1. Being open to solvent by less than 70 Å² (accessible area, probe 1.4 Å) and over 30 Å from G134 (Cα atoms) is the filter here; which residues of region 94-110 pass it?
2. So, in region 220-230, exactly how many residues are outside any strand (DSSP E or B) and open to solvent by less than 50 Å² (accessible area, probe 1.4 Å)?
3. Quickly run through region 12-53 and pick out the residues that are over 23 Å from G64 (Cβ atoms), at pLDDT 90 or above and within 32 Å of the chain's Cα centre (by Cα).
4. Of (1) modelled with pLDDT of 95 or more; (2) under 29 Å from T230 (Cβ atoms); (3) among the aliphatic types (A, V, I, L, M); (4) open to solvent by 40 Å² or more (accessible area, probe 1.4 Å), A154 satisfies all except one. Which?
5. Looking at (1) closer than 23 Å to A90 by Cα; (2) in a helix (DSSP H, G or I); (3) open to solvent by 50 Å² or more (accessible area, probe 1.4 Å), find the lone condition where L166 falls short.
6. Hey, could you check region 80-93 for residues that are open to solvent by less than 30 Å² (accessible area, probe 1.4 Å) and either in a strand (DSSP E or B) or aliphatic (A, V, I, L, M) (or both) and say which is farthest from S205 (Cα to Cα)?
7. If I filter region 46-68 down to residues being surrounded by 17 or more Cβ atoms within 10 Å (Cβ to Cβ) and in contact with a strand residue (DSSP E or B) (Cβ under 6 Å, 6 or more places away or on another chain), which single residue comes out as nearest to L129 (Cα to Cα)?
8. Would you please name the residue that is nearest to the chain's Cα centre (by Cα), looking only at residues in region 196-219 that are farther than 20 Å from R148 by Cα and not in a strand (DSSP E or B)?
Amino acid sequence: MSKTPVWKSIALSLTADIAEGRYNSGDQLPTEAQLAAQHGVNRHTVRRALSDLAEQGLVHSRRGAGVFVTARPTDYPIGKRVRYHKSISASGKIPGKKILSLTTRAADDAEAEALDLEAGDKVHVYDGLSLADGQPIGVFQSVFPADRLPSILAALQDTHSVTEALQRCGVADYTRVSTRLTARAATATQALHLHLTEGAPVLFSAGINADLNGVPVEYGRAVFAGDRVTLTLNDD
């Protein structure tokens, strides 16, 4: 009677751990050294087991970061009526936002052009993390004209929601005027926030939202983890 290879036994054990919820989508597995010590084998045997799981699509490795349980990418539609919480909820995940900073400063050239401001005009800036099921999927920055929306930072502090904050400031509705998508490599700061390695592929989005009279109210820039988000364009 043939014996189950040790590497296969380890792979089956890890598969069971994932199936039984000990490791969830996006979680990092123990290191090769930790698994080798746990099972009393060498790292080559562990590496063969992890390779088997990767071939099954159960895990993926990030250079310099480790091996992670494969998370189902979050569908995030981008159209005329982009609403983060609604879009993430529709994908079957729990949306969330984390505030990194709320500041006021002079607009840079790109912000002034996007918001139809004069160079040096003041803007309110909301930097934060976008979450899905508690996992960071994007780093974003929303920029607002300070003169028109003087109290929006307080509203954002209370709600964490751009839509709700704009409504509190008198902007009942808004639509996306333009969106630009490009592929980039994660900077050190972005990688830290998104639990990636520096240089990992990310998706960069820049967009302008305007009120129903066509006046710009928000210029947004966001970086999404390339393996966690599927951006789709629609006309809605």
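1. A106, A107, D108, A110
2. Summing the residues that are outside any strand (DSSP E or B) and open to solvent by less than 50 Å² (accessible area, probe 1.4 Å) in region 220-230 gives 2.
3. Selection gives S13 alone.
4. Of (1) modelled with pLDDT of 95 or more; (2) under 29 Å from T230 (Cβ atoms); (3) among the aliphatic types (A, V, I, L, M); (4) open to solvent by 40 Å² or more (accessible area, probe 1.4 Å), only one is false for A154: (2).
5. The single condition L166 does not satisfy is (3).
6. Only one residue tops the list, namely I88.
7. Result: F68.
8. L196
The values are calculated or read from the model by the stated rules, or taken from the named source; none is laboratory data. Since the model is a prediction, treat every value here as computed from it, not as a measurement. In this analysis, Cβ positions are derived from the backbone assuming ideal geometry, glycine residues included, and neighbour counts consider all displayed protein chains. Side chains included, ligands, DNA and RNA excluded: accessible areas come from the protein's heavy atoms. Shrake-Rupley method; radii C 1.70, N 1.55, O 1.52, S 1.80 Å.
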